[in-house]
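J.: Mind looking over this structure? Questions follow.
The values are calculated or read from the model by the stated rules, or taken from the named source; none is laboratory data. This structure is a prediction, so every number in the text was calculated from the model and none was measured. For neighbour counting, all protein chains shown are included, and Cβ atoms are generated from backbone atoms with ideal geometry for every residue, glycine included.
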Amino acid sequence: MIYPSPCPFTAPITPQAGSRIRSQSCLVSSMSGSDHTGFDLCWVTPDPGTHLRTSLSPKPPSNACPAALPPPLTSLHFDPWVAAGGPGAVSGAVHTGAAQALCCSLLCSMWGRMRLLLRTAELCAPKLPVTTAAASSGSSPAVPMGLPWHPARWGSRFHVPPSAEAVARPVGICSMMKLPVQDSAVGLDAAFVGVPLDTGTSNRPGARFGPRQIRAESSLLRRFNGSTGAAPFDSLRVADIGDVNVNPYNLPQSCRLIRGAFQDIVGSGCVPLTLGGDHTITYPILQAVAERHGPVGLVHVDAHTDTADRALGEKIYHGTPFRRCVDEGLLDCGRVVQIGIRGSSYDPNPYKYSRDQGFRVVPADECWMRSLVPLMAEVRQQMRDRPVYISFDIDGVDPAYAPGTGTPEVAGLTPAQALEIIRGCKGLNIVGCDLVEVAPMYDVSGNTALLGANLLFEMLCVLPGVKTM
Ligand SMILES: [Mn+2]
């Protein structure tokens, strides 16, 4: 519901501005630096189910307010669905397409006015049913322009990404596939979760921004996998559960935080699909996964084996996760395959450690100009029906396709081979997946993050229980 200009900030904004500004808004604090008035808001958009309660409500930690923000640009939108449906957690809701309106003093001074308007919004919120045609066809319901939308299931029993036939692509909170955001994995079969940590990076940093960029590019993804027929959102309850609150100043502590977060996720019976982050994060994730499932098989796609013992005296960084996993007995070593390995090395026999553990190492040059479908048939035999984890380092793919990463190596896999690998995992007992090492700033095209988003969707499509239409 769009109110006619209750404030003087009415200049139009471009459709793309919203997600970009949201991405940058992590820098903004909760308190106005000038009058120290707190606010308690939830940023919402009027599309179904995509509201974000956890990141800004209740009050986020605060320090300074940015000194100067560009001029605010938008009119106010109120979403009566959130106002009516979530007043316990959210005392009000406001959508501004522009986080310039996050200019704290502006919000603080406007808050009384907003509350008044929200009460009005609650009173006049209409109920919009999903149409019968939509429920039977799976297509999007017709939604009258200018009215708020209720959280429709788009014909499924579960959460479904909104179709761009009814909700414009740039509309909505920037969650993975614009799925609803929840603050825990309870009740979910699978969850997208970000781990924005890159303190373990050895070369170019930046993977801490991977989750945000992957989410942004994922707005292009649609609900069905047209190639395989997979219908994950008609099969599983899926949501985005936000990010692990890592400490970029303290890598060991971050590992403990990640382990704890994933103990909760897998403990609730949910399969995590993780948006990295550098590859360090797979070590604490596998600690939590193995705690529940026992030593797991591993399908590991990467340019590097990530089995170094230490660097500069440190045993934890993004070159060591699988050595640490072996040390702690987290892997069923006869059921580990490493695909796409290549590049120069410090050791004349760089795969010796892996092979001594019983891993199968498939160097990239054995994959060149071949279909990997036969390889994956062998991998399925190797994995049998026991628990398997998929860890996909985007640098396994050639830097021509995925330049946005920290340690690129030439002559890697193609995106088509990456799809063959993941689709070849269908039928395996997959208990978790990650997609790591996307560092968006080295790829102005966004293609690396777009590929990462697609690979995560493909992982979702091969999870146990996903039906084929
Ligand atoms: Mn790696």
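J.: Of everything in region 301-323 that's outside any loop (DSSP other than H, G, I, E, B) and aliphatic (A, V, I, L, M), which residue is nearest to the chain's Cα centre (by Cα)?
T.: Residue satisfying both the conditions and the ranking: V301.
J.: In region 292-340, what count of residues is obtained for those that are of a type in the set (D, E), in contact with a Phe, Trp or Tyr (Cβ under 9 Å, 6 or more places away or on another chain) and away from the ligand (no atom under 16 Å from the Cβ)?
T.: Looking only at that region, the number is 1.
J.: When region 424-469 is examined, which residues are found to be of a type in the set (S, T, N, Q) and either touching a helix residue (DSSP H, G or I) at 6+ places or on another chain (Cβ under 6 Å) or part of a helix (DSSP H, G or I) (or both)?
T.: Passing the criteria: N447, T448, N454.
J.: Looking at region 377-415, which of the residues that are surrounded by 23 or more Cβ atoms within 10 Å (Cβ to Cβ) and in a helix (DSSP H, G or I) is farthest from the ligand (Cβ to nearest atom)?
T.: Once the filter is applied, the top-ranked residue is M383.
J.: Do you know which residues across region 418-428 are within 22 Å of the chain's Cα centre (by Cα) and more than 16 Å from the ligand (Cβ to nearest atom)?
T.: Once the filter is applied, which keeps residues that are within 22 Å of the chain's Cα centre (by Cα) and more than 16 Å from the ligand (Cβ to nearest atom), region 418-428 yields L419, E420, I422, R423, C425, K426.
J.: Moving on to the next point. Out of T405, T414, T448, I need the residue that is among the hydroxyl-bearing types (S, T, Y) and in contact with a Gly (Cβ under 7 Å, 6 or more places away or on another chain). Which one?
T.: Checking each option against the conditions leaves just T448.
J.: Report yes if L298 is within 18 Å of the chain's Cα centre (by Cα) and not in a helix (DSSP H, G or I), otherwise no.
T.: Spelling it out, it is not the case that L298 is within 18 Å of the chain's Cα centre (by Cα) and not in a helix (DSSP H, G or I).
J.: So which residues in region 196-216 are among the aliphatic types (A, V, I, L, M) and within 13 Å of A439 (Cα to Cα)?
T.: Scanning region 196-216 gives L197, A207, I214.
The rows are residues; the columns are (1) assigned to a helix (DSSP H, G or I); (2) in contact with a strand residue (DSSP E or B) (Cβ under 9 Å, 6 or more places away or on another chain); (3) not assigned by TED's automatic domain parsing to the domain that holds V301.
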| site | (1), (2), (3) |
| --- | --- |
| I241 | no, yes, no |
| Q253 | yes, no, no |
| I258 | yes, yes, no |
| F262 | yes, yes, no |
| L273 | no, yes, no |
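J.: V160: closer than 18 Å to F262 by Cβ and either part of a loop (DSSP other than H, G, I, E, B) or of a type in the set (S, T, N, Q) (or both), yes or no?
T.: Answer is no for this residue.
J.: Of the residues that sit in region 189-212 and are of a type in the set (A, V, I, L, M, F, W, C) and crowded, with 23+ Cβ neighbours inside 10 Å, which one is nearest to M176 (Cα to Cα)?
T.: The residue in question is F192.
J.: Since S354 meets every condition but one in (1) in contact (Cβ under 8 Å) with a residue 60 or more places away in the chain; (2) within 15 Å of the ligand (Cβ to nearest atom), which condition does it not meet?
T.: Looking at each condition in turn, S354 falls short on (1).
J.: Does S371 meet the test of being hydroxyl-bearing (S, T, Y) and either out of contact with any helix residue (DSSP H, G or I) (no Cβ under 8 Å at 6 or more places or on another chain) or part of a strand (DSSP E or B) (or both)?
T.: So S371 does not fit the description; no.
So that you can scan it fast, the table gives a plain yes or no per residue for (1) out of contact with any Phe, Trp or Tyr (no Cβ under 9 Å at 6 or more places or on another chain); (2) away from the ligand (no atom under 16 Å from the Cβ); (3) at pLDDT 95 or above:
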| position | (1), (2), (3) |
| --- | --- |
| L221 | no, yes, yes |
| G229 | yes, yes, yes |
| P232 | no, yes, yes |
| V238 | no, yes, yes |
| P248 | yes, yes, yes |
| I281 | yes, no, yes |
| P284 | no, no, yes |
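J.: Hey, another quick one. Tell me the residue from A308, A364, A402 that is over 29 Å from G446 (Cα atoms) and among the small types (G, A, S), please.
T.: A308 is the lone residue from the list that is over 29 Å from G446 (Cα atoms) and among the small types (G, A, S).
J.: Of the conditions (1) over 14 Å from the mean Cα position of the chain (by Cα); (2) closer than 22 Å to V336 by Cα; (3) within 14 Å of the ligand (Cβ to nearest atom), V436 fails just one. Which one is it?
T.: The single condition V436 does not satisfy is (1).
J.: Consider region 252-289. How many of its residues are touching an Asp or Glu at 6+ places or on another chain (Cβ under 8 Å) and farther than 19 Å from L188 by Cα?
T.: Total meeting the criteria: 7.
J.: Among the numbered conditions (1) farther than 22 Å from M376 by Cβ; (2) away from the ligand (no atom under 16 Å from the Cβ); (3) not small (G, A, S), tell me where Y442 comes up short.
T.: Among (1) farther than 22 Å from M376 by Cβ; (2) away from the ligand (no atom under 16 Å from the Cβ); (3) not small (G, A, S), the lone unmet condition for Y442 is (2).
J.: Being over 12 Å from the mean Cα position of the chain (by Cα) and within 16 Å of the ligand (Cβ to nearest atom) is the filter here, so list the residues in region 445-458 that pass it.
T.: T448, L451
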